[in-house]
Amino acid sequence: MSAVVELRAEYDLIRTMMGVLSRMCDLMESGEAVDTEQLDQMLDFIVVFVDKCHHRKEEEVFFPRVVAMGLREPAVIDAFVYQHDLFKEYISELRADVREREKGGDWPQHRFIEVARDYISQLTEHSEAEEDELFAVAGSNLSEDENGRLTDEFERLEREEVGEGEHERYRELASRLAEMFPPGGARGMKES
Ligand SMILES: [Fe+2]
């Protein structure tokens, strides 16, 4: 798999999970309960898979290569890195709200939903901009050797930061949650 194909596949997974988060928000807003365990799994995915794994592959491996090859100006890359930093702020707000919920009693559900929806829309926009402005141009300019070097670096980073086998576990989590929270459908149809 080429470096760009790998990053695109991760964004597909991330968008699947953003769809799940969006449906979780709709359900909570309409007064239905969403399990704390499922919210925790969602938060773990956002913290580890999106922030620690995907964004670091971009910042530490992919972006520097794009600049070194002269495919994009450093200022363009800086803007994407700045957005990654903003996402960290969304994540700490979401985590703080879920921690409140875990304590029992009242929790700021309304604020959680608002922040989550904002995060979903910003991250979706960000992913589309990266695909259009970076992945498309890099995909057609990276040689086989360069792709090999990038994917080796991705693998190292993933092993060190996320752990062996975790990528697959997140993939399974996404498909399980997507079945439990289908687009426009009733929740829990496949549970028994
Ligand atoms: Fe990004």
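No value in this document is a laboratory result; all are computed from the given coordinates. Only a predicted model underlies this, so the values are computations on that prediction, with no experimental measurement involved. Note that each Cβ is placed from the backbone with ideal geometry, even for glycine, and that neighbours are counted across all protein chains shown.
Non-local lysine pairs in the chain, meaning eight or more places apart or on different chains, with alpha-carbon distances under 28 Å, amount to 4. The phi torsions of region 85-92, fed into the Karplus equation with coefficients 6.51, -1.76 and 1.60 and a -60° offset, translate into couplings of 5, 5, 4, 4, 5, 4, 4, 5 Hz, rounded to whole numbers, with Gly and Pro shown as x.
Along the axis of the charge dipole computed for the chain (Cβ charges of +1 for Lys and Arg, -1 for Asp and Glu, origin at the Cα centre), the listed residues Phe62, Met42, Ile91 are led at the positive end by Met42. Calculated on the Cα set of region 99-192, radius of gyration then Dmax: 19.0, 56 Å. Percent of alpha carbon pairs in the chain separated by more than 24 Å? The proportion of pairs with Cα distances above 24 Å equals 43 percent.
Which whole-number percent gives the relative contact order of the chain, counting Cα pairs below 8 Å spaced six or more residues apart?
39
Each of Ser127, Ser121, Ser140, Ser2 was scored by other Cβ atoms within 10 Å of its Cβ. Arranged with the fewest first, they read Ser140, Ser121, Ser2, Ser127.
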